[in-house]
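Structure first, then comments.
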Amino acid sequence: MENIAYYNGKTGPIEEMTVPMNDRACYFADGVYDAMMTRNHIPLSLDDHLARLYRSAKLIDIEVPMAYEALRALMMELCAKVDSPDAMAYVQVTRGVGMRSHPYSGAGEGGPSLWIFVKPDVLDDMDREYSCITLPDTRYLHCNIKTLNLLPAVLYTQKAVQAGCDEAILHRDGRVTECAHSNVHILKDGVFRTAPCDNLILPGITRAHRIAQCREMGIPVVEEAFTLEDLMDADEVIFTSASALCCRVTTIDGKRVGGKDFELFDRIRQAAKREIIEEAGE
Ligand code: PLP
């Protein structure tokens, strides 16, 4: 199949799948999701992404309506059914279907809904240079939960696109948090610096993998808040996500940044490339 969608046991092409209007996703974005890339039909870091999905669901009091092993097997099965070996695998759990009403006790009597889709997609090119804009981070204070409340991310990304850029780097009063849909890190004096995992950022799976690899390679890691000034003055600026495993930013708000420690960036990038080959083959 070119692509595939799953909703509470039904499967079919994404374009033909319909869902009940009263799914609380429609009125409240009342749910959580996770997304990963596949290579050779293998969903990369599947266990990490599923573990975060269950964690996110728990944090908003939703029970994932399928046991871990069964969901894992279903994801693998759906990824195998899509023709393209390179794809994006997306999984979402919403509180369920019920007449619109803010309190959720009594809403969604049939239980939470499970949504999955797999569609052809490719990893971002790690060999190109990326440009970003900076924007004030006006999101709420639950950024650590991967919820469906993505309107700010949509607006930030649109602004970046309109500025001819790839991503928006967000800050709260000058403190850099993360990007619209990725985490941002800097290299300075041989150290990998990144914002700490508090409620202001999503604990990125890719972020965790890059940190683990840096530590294995003896590259010091500091998980502390850094500022816009630190960002502009960094030796290198990197963003990471499930689709952007290690991408180098060379322009921010139209100014050239980084470019002072390509060697260290390249060590981290090569480690990221090795990791996917180890997991999913060439
Ligand atoms: N931060 C935000 C706001 C995101 O939406 C994402 C990914 O969707 C990330 C960071 C990166 O997380 P991951 O590496 O798990 O894809």
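Summed over segment 46-74, the residues that are within 16 Å of the ligand (Cβ to nearest atom), buried (at least 21 other Cβ atoms within 10 Å of the Cβ) and more than 14 Å from the chain's Cα centre (by Cα) give a count of 1.
Residue by residue, here is whether (1) within 16 Å of the ligand (Cβ to nearest atom); (2) surrounded by 17 or more Cβ atoms within 10 Å (Cβ to Cβ); (3) assigned by TED's automatic domain parsing to the domain that holds ASN40 holds:
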{"site": "PRO103", "(1), (2), (3)": "no, no, yes"}
{"site": "LEU135", "(1), (2), (3)": "yes, yes, no"}
{"site": "ILE169", "(1), (2), (3)": "yes, yes, no"}
{"site": "ARG175", "(1), (2), (3)": "yes, no, no"}
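When SER182, SER131 are screened for being within 11 Å of the ligand (Cβ to nearest atom), crowded, with 17+ Cβ neighbours inside 10 Å, outside the structural domain of ALA35 (by TED's automatic domain parsing) and in contact (Cβ under 8 Å) with a residue 60 or more places away in the chain, only SER182 passes. Within segment 221-247, the set of residues being within 15 Å of the ligand (Cβ to nearest atom) and surrounded by fewer than 20 Cβ atoms within 10 Å (Cβ to Cβ) comprises GLU223, SER243.
Filter segment 86-130 down to residues that are basic (Lys, Arg) and part of a loop (DSSP other than H, G, I, E, B) and give me whichever is farthest from PRO43 (Cα to Cα). Out of the qualifying residues, it is ARG100.
Answer with yes or no whether ALA25 is surrounded by 20 or more Cβ atoms within 10 Å (Cβ to Cβ) and in a strand (DSSP E or B). Criteria not met by ALA25. Taken over segment 219-242, the criterion of being part of a loop (DSSP other than H, G, I, E, B), out of contact with any Cys (no Cβ under 9 Å at 6 or more places or on another chain) and not charged (D, E, K, R) is satisfied by ILE219, ALA225, ALA234, ALA242.
Being in contact with a strand residue (DSSP E or B) (Cβ under 8 Å, 6 or more places away or on another chain) and either under 28 Å from SER182 (Cβ atoms) or in a loop (DSSP other than H, G, I, E, B) (or both) holds for only one residue in TYR33, TYR54, and it is TYR33. A search for C-beta distances below 6 Å between a residue of segment 142-164 that is outside the structural domain of THR251 (by TED's automatic domain parsing) and in contact (Cβ under 8 Å) with a residue 12 or more places away in the chain and any residue that is assigned to a helix (DSSP H, G or I) and surrounded by fewer than 16 Cβ atoms within 10 Å (Cβ to Cβ), counting only pairs 6+ apart in sequence or on different chains, returns ILE145/LEU59. Look through segment 198-220, keep the residues that are away from the ligand (no atom under 15 Å from the Cβ) and surrounded by fewer than 16 Cβ atoms within 10 Å (Cβ to Cβ), and return whichever of them is nearest to ARG175 (Cα to Cα). Step by step, filter segment 198-220, then rank; the result is PRO220.
The values are calculated or read from the model by the stated rules, or taken from the named source; none is laboratory data. Since the structure is predicted, the reported quantities are computational estimates derived from the model, not experimental observations. Here Cβ is always computed from backbone atoms with ideal geometry, including for glycine, and neighbour counts include all displayed protein chains.
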